[in-house]
Amino acid sequence: MAGGDSLLQQIRDFLADYQPRRFSQDEAIPAGVLLLLYEKADEPYIVLTRRTDDVEHHKGETSFPGGAFDPEDDDLLTTALRETEEEIGVRPEDVEVLGQLDDIVTITGFLVSPFVGVLRRWPYPFAASAEEVAELVEVPLGHLMDERNLERGARHYGDRWLPFLSYNYGNHRIWGATARIFKGFFDNLAASRG
């Protein structure tokens with residue numbers, strides 16, 4: 001997909017007016033994640049991380065940079081930006097925050113607030129944390145927006161079957177909360193464009 005500027009502008013326009021659905025669940029752990037976009041080779045990309053097997057939660061999964069709220073954070077946007085800096089070395093002042101997407105609740109007990117931002121410059125000297133990040137995964141946004149790269153199914157969890165979404169990119173499978181956030185984002189963006 002070419003025309004990164006026009007897609008990024010559509011995302012800016014969409015988020016300028018978007019009112020995200022917010023949830024409150026006392027038993028869930030609040031967390032913030034960042035969908036970090038940038039233009040590379042005239043195309044919008046997003047950077048994801050493949051988590052190491054040493055992290056406490058979601059070992060080996062491909063996900064957004066982010067994590068649990070810390071009592072010292074001002075809010076969940078601060079959490080998302082702090083965690084992004086810790087995980088991939090992107091300083092908060094190098095991110096133009098465009099807005100927030102709908103909260104989601106994960107089956108592992110997190111209440112996730114996703115934020116969307118754009119790198120203020122490219123190329124950027126990403127610096128992955130060896131303890132938390134096994135690999136940086138740069139994915140063209142157009143690849144993820146193409147429904148042919150989305151798989152649907154069901155997965156057994158505990159004593160029930162749950163709907164399952166998965167995006168494939170190379171040898172990476174993007175599933176779980178990350179896939180649900182992407183799907184909601186793309187559906188709402190498409191609806192805003194008519």
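Values in this text are rule-based calculations from the coordinates and carry no lab data. Keep in mind that what you see is a predicted model, and the values were worked out from it rather than measured. As a convention, Cβ positions derive from the backbone with ideal geometry for all residues, glycine included, and neighbour counts pool all protein chains shown.
Report the GluC sites (Glu not before Pro) located in the range 5-106 that are in a DSSP loop and have at most 16 other Cβ atoms inside 10 Å of their Cβ, or state none.
When the GluC sites (Glu not before Pro) of the range 5-106 are filtered for loop state and at most 16 Cβ neighbours within 10 Å, 27, 56, 72 remain.
For q values of 0.21 Å⁻¹, compute log₁₀ I(q)/I(0) with the Debye formula on a Cα-only model of the range 16-82, without solvent.
Log10 I(q)/I(0), no solvent term: -1.08.
So for the range 4-144, averaging the separation of alpha carbon pairs under 8 Å that are six or more residues apart and normalising by length, what relative contact order in percent results? List each step's numbers first, then the result.
Numbers: 294 pairs, mean separation 47.4, N = 141.
So the answer I get is 34 percent.
If I take the Cα coordinates of the range 28-133 and project them onto the principal axes, what are the three extents in Å, biggest first?
Taking the Cα atoms of the range 28-133, the three principal extents are 39, 29, 24 Å.
Return, for the Cα atoms of the range 120-194, the radius of gyration and Dmax in Å, separated by a comma.
Rg, Dmax (Cα atoms, Å): 15.3, 47.
Rank by packing, highest mean first: peptides 29-35, 14-20, 47-53, with packing defined as the count of other Cβ atoms within 10 Å averaged across residues.
Working: 29-35: 23.0, 14-20: 14.0, 47-53: 19.0.
Order by mean packing, descending: 29-35, 47-53, 14-20.
Loop only by DSSP, 13 or fewer other Cβ within 10 Å of the Cβ. Give me the GluC sites (Glu not before Pro) in the range 122-194 that pass, ordered by residue number.
On the way: sites: 131, 132, 135, 138, 147, 151; in loops: 131, 132.
Those satisfying the criteria are 131.
Percent of Cα-Cα pairs more than 30 Å apart in the chain, please.
Numbers: 2605 of 18721 pairs.
Here the long-distance tail beyond 30 Å is 14 percent of all Cα pairs in the chain.
In debye, nearest 20: dipole of the chain around its Cα centre with unit charges on the Cβ of K, R (+) and D, E (-)? Each step should come with its number before you reach the end.
Numbers: 19 positive and 35 negative charges, 177 e Å.
In total the dipole reaches around 840 debye.
So which trypsin sites (Lys or Arg not before Pro) in the range 88-173 are both in a DSSP loop and have at most 10 other Cβ atoms within 10 Å of their Cβ? Spell out each step's value before the answer.
Details: sites: 120, 121, 148, 152, 155, 160, 173; in loops: 120, 121.
Passing both the DSSP loop test and the Cβ count: 121.
Given the options 64, 6, 77, identify the residue whose Cα lies farthest towards the positive end of the charge dipole of the range 1-112 (+1 on Cβ of Lys, Arg; -1 on Cβ of Asp, Glu).
Checking the options against the dipole of the range 1-112, the answer is 6.
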